[in-house]
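Here's the structure, in structure tokens; my notes come after.
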Amino acid sequence: MKCAELNDIELVSYLAGMGINPVRVVGDFHYYLSPLRAENHPSFRIERSRNKWTDFGIELKRKSFLDFIMAYRNIDIKEAVRQLNNQEISPAAYIRSVDLKLEQMPEPAKVSIYKNARIHSAALLRYLRLRNIDLDIAYRYCREVNFKINGKDYYGIGFRNDSGRFEIRSPYMKAAENKQITTIDNSATVVRVFEGFFDFLTFMTLHKNNPPHSNYVILHSAHLMRRKATQDFLERHDKVFLFLDNDPTGDKYTHEAISADGKRYEDRRFQYATHADLNEWAVDKAAKAKQKEITCKIPALLKMLLIIII
């Protein structure tokens with residue numbers, strides 16, 4: 001099997017074959033007690049339609065099936081491919097996500113927001129820092145929202161869309177009152193299009209000291225690219241920069257736009273070509289910079305210790 005084929009193996013089914021089942025399922029999201037470490041609260045999540053997993057107790061990255069095998073078995077990619085090809089990893093639940101008929105997902109639960117305020121909860125502030133979002137930027141564009149789903153209380157980070165309703169994110173949930181795009185009109189001739197609002201917040205964080213004169217569209221779902229409201233807003237601009245996700249859906253809508261008008265539309269994903277989206281790239285970049293800083297401090301600390309010992 002090639003790496004790309006191995007990553008098509010359906011992770012939910014693979015874990016089920018190992019006797020590992022979700023603690024709860026919320027729409028497309030399956031939550032588990034992490035199989036990679038000991039824990040009492042489920043913080044391992046699989047986004048089933050994309051066959052990607054995240055372990056919030058380790059890092060905030062969407063990972064592939066191969067990444068899971070390497071982490072679970074503590075082996076490198078070459079050994080993982082060899083073991084999978086030789087069926088040394090058991091049980092071998094080789095079910096391709098493209099061939100799997102997923103069970104019918106329930107309709108999104110109705111979200112009822114009853115309060116919104118300035119972001120203040122320690123958990124949400126920590127979540128923003130982990131996602132490498134400048135808090136001043138978050139305060140400007142987001143609110144902390146309290147809401148109910150099926151009678152249960154939740155809270156999260158809310159970002160208004162053009163209907164005046166909120167898109168909601170927390171470390172453990174995605175929700176929306178009403179799925180609409182968000183447009184920000186600064187009377188510019190250029191517009192930047194982001195798939196999710198964390199990518200937009202990342203862009204504004206990166207350019208906090210010198211933001212470009214630009215209008216913005218936050219889709220909240222790549223499929224809203226085709227909405228008439230989206231197209232009408234984009235048509236008003238001389239240039240459209242696309243910052244969609246690096247996945248088949250992002251590819252589809254990026255290529256579709258460029259094929260329709262290659263002079264106006266431009267793919268800007270080269271900056272984060274090795275990552276799923278702009279936010280993941282920024283988080284990874286910040287982590288590497290922090291690690292480099294720590295590494296650089298070690299020689300100086302050792303020198304100080306030697307001086308003290310002598």
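A few comments on the model shown:
- Taking 0.36 nm per residue of sequence separation and removing the Cα-Cα distance, the Glu293/Arg165 pair yields an extension gain of 41.9 nm.
- Counting Lys and Arg as +1 and Asp and Glu as -1 over every other residue whose Cβ lies under 12 Å from the Cβ of Glu144, the net charge comes to +4.
- When the square roots of the Cα gyration tensor eigenvalues are ordered a ≥ b ≥ c, the ratio a/c for the stretch 105-205 is 1.5 or more and a/b does not exceed b/c, which makes its shape oblate.
- Overall shape: oblate for the stretch 150-230, with the ratio a/c of the largest to smallest alpha carbon gyration tensor axis at 1.5 or above and b/c at least equal to a/b.
- Gyration tensor verdict on the stretch 175-286 (Cα atoms; rounded if a/c is under 1.5, prolate if a/b is larger than b/c, oblate otherwise): rounded
- The value for the stretch 9-69 of Rg(Cα) / (2.2 N^0.38 Å) is 0.98.
- Heavy-atom surface analysis with a 1.4 Å probe gives the stretch 114-161 a carbon and sulfur content of 45 percent of its accessible area.
- GluC sites (Glu not before Pro) restricted to the stretch 212-271 and DSSP loop, no more than 14 other C-beta within 10 Å: Glu235
- Burial ranking of peptide ranges 189-196, 163-170, 206-213 (average Cβ count within 10 Å, highest at the top): 189-196, 163-170, 206-213
- Out-of-range pairs (alpha-carbon distance over 21 Å; input Lys208/Lys285; Lys115/Lys228; Lys179/Lys228; Lys52/Lys292; Lys52/Lys148; Lys63/Lys292): Lys115/Lys228; Lys52/Lys292; Lys52/Lys148; Lys63/Lys292
The values are calculated or read from the model by the stated rules, or taken from the named source; none is laboratory data. As the structure is a prediction and not an experimental result, all values here were calculated from the model. With ideal geometry, Cβ positions are generated from the backbone for all residues, glycine too; neighbour counts draw on all protein chains shown. Just so you know, the surface numbers come from the protein's heavy atoms only, side chains and all, with ligands and any DNA or RNA stripped out. Shrake-Rupley method; radii C 1.70, N 1.55, O 1.52, S 1.80 Å.
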